[in-house]
Amino acid sequence: MKRICVMGLGYIGLPTASVLATNGYQVLGVDVGARIVETVNAGNIHIEEPGLHTVVRAAIGSGNLRASLEPEKADVFFLAVPTPLTADKKADMSYVCQATERIVPFLEKGNLVILESTSPPGTCRDMLKPILEKSGLEVGKDIYLAHCPERVLPGKILKELIENDRVVGGFDTLSAQLARDIYASFVEGEIFLTDVTTAEMVKVIENTFRDVNIALANEVALLCESLGIDFGDVARLANRHPRVNVHTAGPGVGGHCISVDPWFLVEQFPDTAKIVHLARQRNDGMPHHVVERTMEFLDGVESPKVAVLGLAFKGNVDDMRESPSLDVIKLLEARGVTLAVHDPFVKNADIDLLPLETCFDGADCLLLLTDHNDYKYLNPRQVIRLMRKPVLFDTRNLLDHEDWREAGFIVRVLGSGRT
Ligand SMILES: NC(=O)c1ccc[n+]([C@@H]2O[C@H](COP(=O)([O-])OP(=O)(O)OC[C@H]3O[C@@H](n4cnc5c(N)ncnc54)[C@H](O)[C@@H]3O)[C@@H](O)[C@H]2O)c1
């Protein structure tokens with residue numbers, strides 16, 4: 001099991017391929033993006049992730065990592081391709097199917113295939129097995145199949161790739177053991193073996209748990225606004241109970257996981273996954289709420305301009321997939337509001353990103369949507385000089401509100417009914 005082929009060189013595939021390479025495996029990273037392949041072969045990276053550049057450079061420099069547009073024969077194949085949603089909130093498994101089809105001509109007896117992409121429960125058994133068996137090899141007899149979901153946090157991927165506990169689900173016992181041996185070569189956390197469908201369900205449920213809890217926090221935040229009290233106080237005090245953990249409220253849920261994976265269960269089990277579905281609707285509704293409140297602050301303002309701080313779905317990363325900021329921006333534009341958007345991390349956005357001062361210039365509301373640390377260091381006394389109307393709407397409860405009030409701002413916070 002020395003030669004590894006990793007299909008997909010994104011946030012998961014590239015760190016995994018590089019870590020495997022620096023642990024002595026001969027790794028071929030495969031991607032459909034020619035520029036990605038070129039970038040990686042030059043020892044560079046196409047995504048922002050702390051420490052990744054160093055590991056990729058080391059892996060390429062050692063000769064253990066190569067990138068290519070085409071797969072080759074290997075002992076182990078990792079599938080780390082996207083599993084997004086279609087427009088009607090169904091699992092788009094086309095990338096997983098295509099990547100699996102592409103390795104079929106290279107499969108040989110004894111090979112192990114590991115699906116890392118988060119997938120609806122049943123994917124390995126019902127979707128991957130029939131595709132892999134087009135090779136003429138039987139899964140569980142000639143070749144082995146496992147699912148090992150990823151739990152890493154963007155921004156801490158390299159640390160968590162090594163330190164997190166892992167769940168390895170095998171199509172059969174030998175598949176699970178073979179996959180465990182690969183992970184054991186670089187994972188310092190505990191590795192738990194189970195069957196393949198349980199592993200798929202574990203991953204989807206981890207994200208669903210978080211989505212449902214965030215939805216509850218968001219719902220409580222809305223209730224607090226109606227009651228004229230502060231969600232921050234309620235959550236802080238409720239969390240002094242030893243068995244309560246009220247999550248954080250915010251402008252919605254983004255990213256490639258939490259806002260996506262629960263829909264897999266809603267699609268598969270529409271009659272049963274009711275709480276899951278409601279939670280998704282609550283979280284998807286938050287951008288509308290943010291826009292409604294913002295429009296209240298702009299009432300009576302002619303040709304309003306809003307300075308939007310943050311496009312990424314969460315703080316200190318460049319990932320804007322499914323970001324609630326995108327929905328807020330679209331909805332505000334539809335209401336005729338002029339927007340000036342800033343993000344210190346995001347680079348390849350379709351939206352024009354502007355320097356902070358340009359955003360503040362003549363703005364009627366400062367709408368903070370992403371909790372990037374950089375924003376904590378804004379000086380309200382300098383910002384207020386540039387703005388037309390000094391209103392701050394902090395949807396992340398990030399800033400020092402007393403300081404902003406003292407500087408002359410009208411401060412509003414998501415989840416707070418206090419004025
Ligand atoms: N990003 C995370 O933090 C994270 C965490 C846990 C799980 N996951 C899951 O991991 C999987 C991969 O996510 P990601 O964030 O790495 O996605 P990504 O979009 O960053 O990367 C996927 C890469 O796969 C490539 N690709 C697409 N089709 C291909 C094909 N047929 N052959 C080869 N390459 C192909 C794309 O060009 C892209 O570079 C998803 O299922 C995701 O839900 C992601």
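The table for this structure:
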{"item": "In degrees, nearest ten, helix 52-62 long axis to first principal axis of the chain (Cα)", "result": "20"}
{"item": "Computed [θ] at 222 nm, helices only, for the chain once each DSSP H run of length n ≥ 4 contributes -39500 (n - 2.57)", "result": "-11500 deg cm²/dmol"}
{"item": "Mean Cα-pair separation over length for the stretch 325-378, i.e. relative contact order, pairs under 8 Å, 6 or more apart, %", "result": "30"}
{"item": "Hits among aspartates and glutamates - C-alpha to C-alpha of LYS347 under 20 Å, sequence gap 8 or more where chains match", "result": "GLU38, GLU48, GLU49, ASP318, ASP319, GLU322, ASP327, GLU357, ASP371, ASP374"}
{"item": "Cβ-based exposure ranking for THR16, THR86, in which fewest neighbours within 10 Å come first", "result": "THR86, THR16"}
{"item": "The chain: most fluctuating residue of PRO242, PRO84, PRO71 per GNM, C-alpha cutoff 10 Å", "result": "PRO242"}
{"item": "In order through the stretch 344-360: 3J(HN,Hα) via Karplus (6.51 cos²θ - 1.76 cosθ + 1.60), integer Hz, x for Gly, Pro", "result": "x, 10, 5, 10, 9, 8, 6, 7, 5, 9, 10, x, 3, 4, 5, 5, 6"}
{"item": "Vicinal HN-Hα couplings computed from phi for the stretch 325-340 (Karplus, 6.51 cos²θ - 1.76 cosθ + 1.60; Hz; Gly/Pro x)", "result": "4, 4, 5, 4, 4, 4, 5, 5, 4, 5, 8, x, 8, 7, 10, 10"}
{"item": "Charge dipole magnitude, Cβ of K and R +1, D and E -1 - the stretch 210-413, Cα centre, debye nearest 20", "result": "380"}
{"item": "Shape metrics for the stretch 210-413, restricted to C-alpha atoms - Rg then Dmax, Å", "result": "17.2, 55"}
{"item": "Projected area, mean over directions - the chain, Cα convex hull, nm²", "result": "21.3"}
{"item": "Candidates ARG151, ARG125, ARG166, ranked by Gaussian network fluctuation over the chain, Cα under 10 Å, top entry", "result": "ARG125"}
{"item": "Among GLU296, GLU188, GLU357: highest mean-square fluctuation, GNM of the chain, C-alpha pairs under 10 Å", "result": "GLU296"}
{"item": "Cβ-based exposure ranking for PHE360, PHE345, PHE77, PHE269, in which fewest neighbours within 10 Å come first", "result": "PHE269, PHE345, PHE360, PHE77"}
{"item": "Beta bridges per DSSP with both ends in the chain, % antiparallel, nearest 5", "result": "10"}
{"item": "Cα centre as origin, Lys/Arg/Asp/Glu Cβ charges: the stretch 21-132 dipole, Debye", "result": "160"}
{"item": "Kirkwood Rh (inverse of mean 1/r, distinct Cα pairs), the stretch 3-189, angstrom", "result": "16.4"}
{"item": "Extreme residue, positive dipole direction of the stretch 117-220, given options LEU145, VAL196, LEU132 (C-beta unit charges)", "result": "LEU132"}
{"item": "Whole-Hz couplings from phi, Karplus 6.51/-1.76/1.60, listed for the stretch 305-314; x for Gly and Pro", "result": "10, 10, 8, 9, 9, x, 10, 5, 6, 7"}
{"item": "Volume in Å³ per residue [convex hull over Cα atoms, computed for the stretch 326-419]", "result": "105"}
{"item": "Amide H within-cut-off set for ARG166, under 5 Å, with H built and near neighbours excluded", "result": "GLU190, ILE191, PHE192"}
{"item": "Nearby lysines by direct alpha-carbon distance to LYS90 (threshold 25 angstrom, same-chain neighbours under 8 apart not counted)", "result": "LYS129, LYS203, LYS274, LYS314, LYS330"}
{"item": "Sequence of TYR25, TYR375, TYR95 once ranked by neighbouring C-beta atoms within 10 Å, starting from the fewest", "result": "TYR95, TYR375, TYR25"}
{"item": "Charge dipole (debye, nearest 20) of the chain; +1 at Cβ of Lys and Arg, -1 at Cβ of Asp and Glu", "result": "300"}
{"item": "Farthest toward positive dipole pole in the stretch 243-355 [+1 Lys/Arg, -1 Asp/Glu at C-beta], among TRP263, LEU353, VAL246", "result": "VAL246"}
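Where a number appears in this text, it was derived from the coordinates with a stated rule and is not lab data. Quick caveat, the model's predicted, so the values are computed rather than measured. For neighbour counting, all protein chains shown are included, and Cβ atoms are generated from backbone atoms with ideal geometry for every residue, glycine included.
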